[in-house]
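K.L.:
Please read through the structure below; I'll follow up with questions.
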Amino acid sequence: MIARVIFAGLMLCLPLTLPAAPADIPAEPDSAQALKHYVTALNADNSITFRLFAPQASAVSVVTGATPVDRVVSALEKNDRGIWEYRTPVLAAGLYEYFFNVDGLRSIDTGGGLPLPRRQVNSSLILVPGSLLDVRAVPHGVVSELTYHSSVLNASRQVAVWSPPGYNSNSKPLPVLYFYPGTSDTRQTWLVYGRIAQIMDNLLAERKIVPMLVVLADSVGAPAGAVPEDFPVGEQGAAFYPRNAALIDRELIQDIIPLIGRTYRVSRDAGGRALAGAAQGGYQALRSGLAHPDMFRWLATIGGLATHSAPDAQIDALLADAARLNLRLINFTVAAGEQDTVGGADVAALKAQLESNNVNFDYAIYPGGHEMAVWRAAWIDWVQALFK
């Protein structure tokens, strides 16, 4: 209170001078017009009208697609109100990633309500209905955020947990699927872009999956001096992944699994635990799943990096023990997009290594590249096989 009074007193002694408003502050939409005329919208026929209010811009385009291989650039046209617009053809159901190019600057859709949550936010999303990604009139599970102290990282961390509808009225322990996103993504990426809650709600309503918990954990532990942003992408495999993976593995075993066991009614045996991940998270799942087959009987790496990009003697040694893995793992799945230019070489090398070592595994290829559409499709297929 004393500091506040002194500060106020000092302010009274100063001349009231405010900096002049700069002339180049961006224009605001006309308040006499409905805001819907300024923002991106889904049309009744499942086409999309992309809009961006940028009256001072010289050129605006919208870039759709999740990878450089499948991106499409469409020019927007500016009307007399300074609104840039482009209407797409009718689109298939799905969740579409896009961003604007405004005079060479990559921009999210500032008028949209669904930015893509990542470690670096630079894209937006829009949903075209008609698939498992929709919020349907079915019983819904609950997504909870748990904050815990990581003894391994000496930091406060969070996991997101999807619990099925009816969890609180059922005393039966549930199996658990632990999942890791990739380096650029977070647990929120998979809730918003992956649509995990909607997919699980809808699959459970269709009786295609058994009730389970889904735990979304972050795959980046940020060890001192080694976060992914410290390295060029091409150097992350050797410099960042193995060191990070060792810490995240310890956090999973020492912190996250005990946290879930204290908080929820869960199965305590390995048959009631599954582990999976996508991209760098697939490497993490591979590292932990192979190291602890006594704890996980279900394992999947989706578009996952492996020892081709991230040399790891421990993974190579674990993969060499086929008898142990074949005895312990009920299901080991390797999945990827057929045009994956990021993780494709790793997946191919892992497939060859597993075949050479006579390790039992399922191999699934999907149309697309190193992108959420592929990983989501693999998730939908794989979860239907779990715990049965």
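The values are calculated or read from the model by the stated rules, or taken from the named source; none is laboratory data. Keep in mind that what you see is a predicted model, and the values were worked out from it rather than measured. A quick note on method: Cβ atoms are made from the backbone with ideal geometry, for glycine too, and the neighbour counts reach across all protein chains shown.
K.L.:
Cβ-Cβ distance below 7 Å, separation of 6 or more or different chains: which pairs start in the range 314-336 with a residue that is farther than 15 Å from ALA352 by Cα and among the charged types (D, E, K, R) and end on one that is surrounded by 14 or more Cβ atoms within 10 Å (Cβ to Cβ) and at pLDDT below 95?
P.N.:
Listed pairs, sorted by first residue: ARG324/PRO293; ARG328/PRO293.
K.L.:
Need the failing condition index for LEU105 against (1) in the same structural domain as ALA54 (by the TED database); (2) in contact with a helix residue (DSSP H, G or I) (Cβ under 8 Å, 6 or more places away or on another chain); (3) over 29 Å from GLN384 (Cα atoms), just the number.
P.N.:
Here LEU105 clears every test but (2).
K.L.:
Need the failing condition index for PRO115 against (1) out of contact with any Asp or Glu (no Cβ under 9 Å at 6 or more places or on another chain); (2) without any contact (Cβ under 8 Å) to a residue 24 or more places away in the chain, just the number.
P.N.:
(1)
K.L.:
Quick one: is LEU216 buried (at least 24 other Cβ atoms within 10 Å of the Cβ) and of a type in the set (A, V, I, L, M, F, W, C)?
P.N.:
Judged against the criteria, LEU216 is a match.
K.L.:
Going through the range 33-59 one residue at a time, which ones are within 17 Å of GLY82 (Cβ to Cβ) and β-branched (Val, Ile, Thr)? Write out each step before concluding.
P.N.:
The initial filter retains those residues of the range 33-59 that are within 17 Å of GLY82 (Cβ to Cβ), namely 33-40, 49-59.
Listed by number, the residues that qualify are VAL39, THR40, THR49.
K.L.:
Filter the range 111-125 down to the residues that are surrounded by fewer than 17 Cβ atoms within 10 Å (Cβ to Cβ) and in contact with a strand residue (DSSP E or B) (Cβ under 7 Å, 6 or more places away or on another chain) and list them by number.
P.N.:
Within the range 111-125, LEU114, PRO115, VAL121, ASN122 meet the criteria.
K.L.:
Could you say which residue among ILE256, ILE209, ILE199 is assigned to a loop (DSSP other than H, G, I, E, B), among the hydrophobic types (A, V, I, L, M, F, W, C), crowded, with 20+ Cβ neighbours inside 10 Å and modelled with pLDDT of 95 or more?
P.N.:
Going through ILE256, ILE209, ILE199 in turn, the sole match is ILE209.
K.L.:
Right, another one. Just the residues that are over 21 Å from GLY194 (Cβ atoms) and part of a strand (DSSP E or B), please, taken from the range 45-62.
P.N.:
Initial filter on the range 45-62 (over 21 Å from GLY194 (Cβ atoms)): 45-47, 49-62.
Selection gives THR49, PHE50, ARG51, LEU52, PHE53, VAL60, SER61, VAL62.
K.L.:
Among the residues of the range 46-97, write down those that are surrounded by 13 or more Cβ atoms within 10 Å (Cβ to Cβ) and among the small types (Gly, Ala, Ser).
P.N.:
Across the range 46-97, the qualifying residues are SER47, ALA54, ALA57, ALA59, SER61, GLY65, ALA66, SER74, GLY82, ALA93, GLY94.
K.L.:
I've got another one for you. Within the range 310-329, is there a residue that is closer than 16 Å to LYS351 by Cβ and surrounded by 22 or more Cβ atoms within 10 Å (Cβ to Cβ)?
P.N.:
Looking for residues that are closer than 16 Å to LYS351 by Cβ and surrounded by 22 or more Cβ atoms within 10 Å (Cβ to Cβ), one finds at least one in the range 310-329, hence yes.
K.L.:
Could I ask something else about it? Run ASP201 past the list (1) over 25 Å from PHE332 (Cα atoms); (2) out of contact with any Leu (no Cβ under 7 Å at 6 or more places or on another chain) and report the number of the one that doesn't hold.
P.N.:
In the conditions (1) over 25 Å from PHE332 (Cα atoms); (2) out of contact with any Leu (no Cβ under 7 Å at 6 or more places or on another chain), ASP201 misses (1) alone.
K.L.:
Continuing with this model, one more query. Give the residue that is nearest to TYR366 (Cα to Cα), with candidates limited to residues of the range 301-326 that are assigned to a helix (DSSP H, G or I) and charged (D, E, K, R).
P.N.:
ASP316
K.L.:
Just checking, how many residues over the range 93-122 are touching a Gly at 6+ places or on another chain (Cβ under 9 Å) and on the phi > 0 side of the Ramachandran plot?
P.N.:
Of the residues in the range 93-122, 1 are touching a Gly at 6+ places or on another chain (Cβ under 9 Å) and on the phi > 0 side of the Ramachandran plot.
K.L.:
SER144 is checked against (1) touching a strand residue (DSSP E or B) at 6+ places or on another chain (Cβ under 7 Å); (2) more than 23 Å from SER219 (Cβ to Cβ) and fails just one. What number does that condition carry?
P.N.:
Against the list (1) touching a strand residue (DSSP E or B) at 6+ places or on another chain (Cβ under 7 Å); (2) more than 23 Å from SER219 (Cβ to Cβ), SER144 comes up short only on (2).
K.L.:
Now, a different point. Restricting the range 341-369 to residues that are outside any helix (DSSP H, G or I) and at pLDDT below 95, which is surrounded by the fewest Cβ atoms within 10 Å (Cβ to Cβ)?
P.N.:
THR341
K.L.:
Additional query: Name the pairs whose Cβ atoms lie under 7 Å apart, with the first residue in the range 282-300 and outside the structural domain of LEU327 (by the TED database) and outside any helix (DSSP H, G or I), the second at pLDDT 95 or above and among the hydrophobic types (A, V, I, L, M, F, W, C), and 6 or more positions between them or separate chains?
P.N.:
Listed pairs, sorted by first residue: none to list.
K.L.:
Now a separate question. Could you please find all residues in the range 83-105 being closer than 24 Å to GLN56 by Cβ, touching a residue at least 40 places away in the same chain (Cβ under 8 Å) and over 20 Å from the mean Cα position of the chain (by Cα)?
P.N.:
ILE83, ARG87, PHE100, ASN101, VAL102, ASP103
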